[in-house]
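Below: the structure, in C-alpha cells.
The values are calculated or read from the model by the stated rules, or taken from the named source; none is laboratory data. This one's a predicted model, so the numbers in the text were calculated from it and none came from an experiment. Positions of Cβ are generated from backbone atoms using ideal geometry, with glycine treated the same way; all protein chains shown enter the neighbour counts. Accessible surface is based on the protein model in full, side chains and every heavy atom, while ligands, DNA and RNA are left aside. Shrake-Rupley method; radii C 1.70, N 1.55, O 1.52, S 1.80 Å.
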Amino acid sequence: MLNDVYTMIWKEWRELFTSRAVGRGTLLSTLIILGILGVFLPLQVGAEWFTQPLTLMVWAWMPIFLTLGMVTDSFAGERERHTLETLLATRLPDAAILLGKVLAAVLYGWGVAVLSLLLAALTLNLSLGGGPRFYTPPFFATALGFSLLSTGLFAGLGVLASLRAATARQAYQRLSLILLVFYFLPFGVQFLPADWRLTILGALMRLDLTSVMAGVMGALLVFNLAVLSLCFRRFQRARLLLD
Amino acid sequence: MSQYAIRTEHLSRAFGALRAVEDLTLEVPAGILFGFLGPNGAGKTTTIRLLLGLLPPTAGTAFVLGYDVRTQANAIRARCGALLEHAGLYERLSAADNLEFFGRVARLPRDERQARIRQLLTDLGLWERRGEPVVTWSRGMKQKLAIARALLHRPDLLFLDEPTAGLDAVSAAALREDLVRLARQEGITIFLTTHNLSEAERLCQQVAVIREGRLLAVGSPEALRRQRRAPVHLVTSGLTPAVLEGLRATFGVEVIQSGEADGHWAVNLGPQQSVAPLVAYLVQHGVAVEEVRREHVSLEEVFLSLVQENEHAE
C-alpha cells in the first residue's frame, strides 16, 4: 500500500516538476513563495519573527496557494485529459490513488513551508548578526503542525472539489470560493453588533496563546479527518467514470 | 488458468431505462484474438468496463481469468492490460516516464522494468524518442506507446477498445501488424472491440456481434460467413423455366438475378449448401454450364445482415 501511494506521489511530482509545460511555472512560484516567506517578510519583521507567533501563523499557510492548481487538477484534470479511466483500470487500490493525490500536494506545500521557516531563520541570522537565533522548540513545532494541518485541509478540500467537478477549472473556482470565505472570515467580525464583538474579544483576551493554538490545531485535525473521509466516500470507480 | 479467459452468463448493465448490456452470455477461449463487433453505442465499451470491474453489473455473472468481476476486480486489473477508448497517456511526461509510472504501478522490479521498457519501445520503434514529451507525438505513435503500456506487465489478457480508431490507413496497418506480432510473442488473449470489420476479419480467430447490448452472433469469421446465404453466379445456356422450378423445389434456391436475356443467373443458396449438387442437377437436365462462381461474403456483409435481421425482428 505504501509503495502504491509513493508511486502516485512520484507520478504527480514528475508531472509537476519535470514536465516542460508545468515545471518552470512550478519552480518560479516556489521561488517566489520562498523569497517572500524566507527573505522579504523576515527582514521586514526583524528579530520578532522568532517570537511573534501570530505573524508567523498568518503567513504559514501561504504555501497552500502553491497546491491549489495541483489538487483541483488531481481528478478533474485527469478526466479532462482522458487519463482517469486508464488510471482506474490499473491494479492500484482506491486508497493509494486518493492518498497519493492528497499527499503529493500536502508534501509539496508543507515542504515549501518548512523550507521557508528554515530560510527565514538563516536570513535573520545573517542580517542581524550576533549569536545564533532559532525558533523555540514549541513554537517551531506549532508552526510546522499548523502549516501541515492547514495544507492538508485545503488539499483535501481541493481533491474533494476535483472529484466532483467536470473540469479542473470548475474545481479551482469552487475551491477559490471556499478559500475566500476563510480569508474574509476575520473581516466579517466587524459587522457583528458591538456588544458581541466585545464579548468575543474579552473571551479571546482571557485565553492564553497556547490554548488558542491547541484549539485551532485540534479543530484543523478534525476538519482534516472529516474532509478525508468525505473524499473516500466520494471516490468510487464507477461513479468517477459515469459522472 | 481456465480454458476460458472470459466467461459471462446473462451479464447485464442498465443505466436507468437504458440497457447498455443485456443478457450477454459469452465464452472467450484463452490465447486467441477475440473481436467484439458492434456499431457505435452497441455496448462494447460498457462490456469492457464490466469485465475490468470498473462498473458493477446490474445482473448476471462474469469471470475474467477465473476471477469474479464483482468481488475480485483488483485481481483482474492486476492481470489484465487495457487500451481503452482514449490512449490514456500522461502527455506532459515523456514516453519513458509514462512507462516507468505504469511499471511501478505493476510493481515490476527496477531492473526488469528498465529492460522491459527498453524491449517494448525498441520493438515498436520508439526507443530513440523515449525522452520526448508525449504531447509532441503523432496519434499513431501515441497509440503504439499505449499498447506498450498495456503490455508492460505481461498481462494474461489485453483489452483493446477501438485501437486503430482515428488513425490513417498506414498508421492503422502498422499498428495492427505490431499488435499481432506482440500478441503472438507474448502469447496472450486479446479482447478487441472495433467497428472496423475488415480489421476484425484479418486479426481475429473468433468474433461476437453485439447490437444495443444484445449478442447477435458468435463464432469464427469463417463460420459466421458460412451461416449466411452466399450468391452463386451461373453462366449457362439452356436453363428453362421448368429446370429453374426444379432447382427451387430441390435446393430451395432464390433467384436474385435473372439470366433470361444473357444467360447470367445469380441465385442464393441456403446456408452451408454446396454448389456441386446444383451444378450436377443442371448438367443432368441438359443445361450447359459455362461458369460457376460463388460470391465471397465478407464479415461486413454478415455483420450488416445480422444487424438488419435484428432490426426487422424488433
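Results, tabulated for the structure shown:
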{"quantity": "Matching residues in segment A:63-95 - criterion: being touching a residue at least 40 places away in the same chain (Cβ under 8 Å) and within 9 Å of chain B (Cβ to nearest Cβ)", "calculated": "A:Leu84, A:Glu85, A:Leu88, A:Leu92, A:Pro93"}
{"quantity": "Pick from segment B:154-184, criterion touching a strand residue (DSSP E or B) at 6+ places or on another chain (Cβ under 7 Å) and part of a loop (DSSP other than H, G, I, E, B), ranking: nearest to A:Ala89 (Cα to Cα)", "calculated": "B:Pro155"}
{"quantity": "Counted residues, segment A:10-64 - those being of a type in the set (A, V, I, L, M) and modelled with pLDDT under 80", "calculated": "9"}
{"quantity": "Single residue of segment A:184-238 satisfying the filter (without any contact (Cβ under 8 Å) to a residue 24 or more places away in the chain and charged (D, E, K, R)) that is nearest to A:Glu85 (Cα to Cα)", "calculated": "A:Arg233"}
{"quantity": "Residues of segment B:284-304 that turn out to be outside any loop (DSSP other than H, G, I, E, B) and open to solvent by 30 Å² or more (accessible area, probe 1.4 Å), as a count", "calculated": "11"}
{"quantity": "Options A:Gln170, A:Gln190; residue that is at pLDDT 85 or above and more than 20 Å from A:Pro63 (Cβ to Cβ)", "calculated": "A:Gln170"}
{"quantity": "B:Pro56, sole failed condition from (1) loosely packed, with under 15 Cβ neighbours inside 10 Å; (2) within 12 Å of chain A (Cβ to nearest Cβ); (3) not in a loop (DSSP other than H, G, I, E, B)", "calculated": "(3)"}
{"quantity": "Index of the failed condition, B:Ala288 passing every other in (1) within 30 Å of B:Ala42 (Cβ to Cβ); (2) in contact with a strand residue (DSSP E or B) (Cβ under 7 Å, 6 or more places away or on another chain)", "calculated": "(1)"}
{"quantity": "Boolean, A:Thr90 is in a loop (DSSP other than H, G, I, E, B) and in contact with a strand residue (DSSP E or B) (Cβ under 9 Å, 6 or more places away or on another chain)", "calculated": "yes"}
{"quantity": "Filter result (under 18 Å from the mean Cα position of the chain (by Cα) and open to solvent by less than 10 Å² (accessible area, probe 1.4 Å)) within segment A:69-99", "calculated": "A:Val71, A:Thr72, A:Ser74, A:Phe75, A:Leu98"}
{"quantity": "Options A:Ala161, A:Ala155, A:Ala171: the member that is in contact with an Asp or Glu (Cβ under 9 Å, 6 or more places away or on another chain) and within 22 Å of A:Glu12 (Cβ to Cβ)", "calculated": "A:Ala171"}
{"quantity": "Candidate set: segment A:1-11, residues that are surrounded by fewer than 22 Cβ atoms within 10 Å (Cβ to Cβ) and under 20 Å from A:Val112 (Cα atoms); chosen: the one nearest to the other protein chains (Cβ to nearest Cβ)", "calculated": "A:Trp10"}
{"quantity": "Residues that are among the hydrophobic types (A, V, I, L, M, F, W, C) and either within 9 Å of the chain's Cα centre (by Cα) or open to solvent by 10 Å² or more (accessible area, probe 1.4 Å) (or both), drawn from segment B:189-202", "calculated": "B:Phe191, B:Leu192, B:Leu197, B:Ala200"}
{"quantity": "Residues of segment B:74-88 satisfying the condition of being part of a loop (DSSP other than H, G, I, E, B), surrounded by 19 or more Cβ atoms within 10 Å (Cβ to Cβ) and within 7 Å of chain A (Cβ to nearest Cβ)", "calculated": "B:Leu84, B:Gly88"}
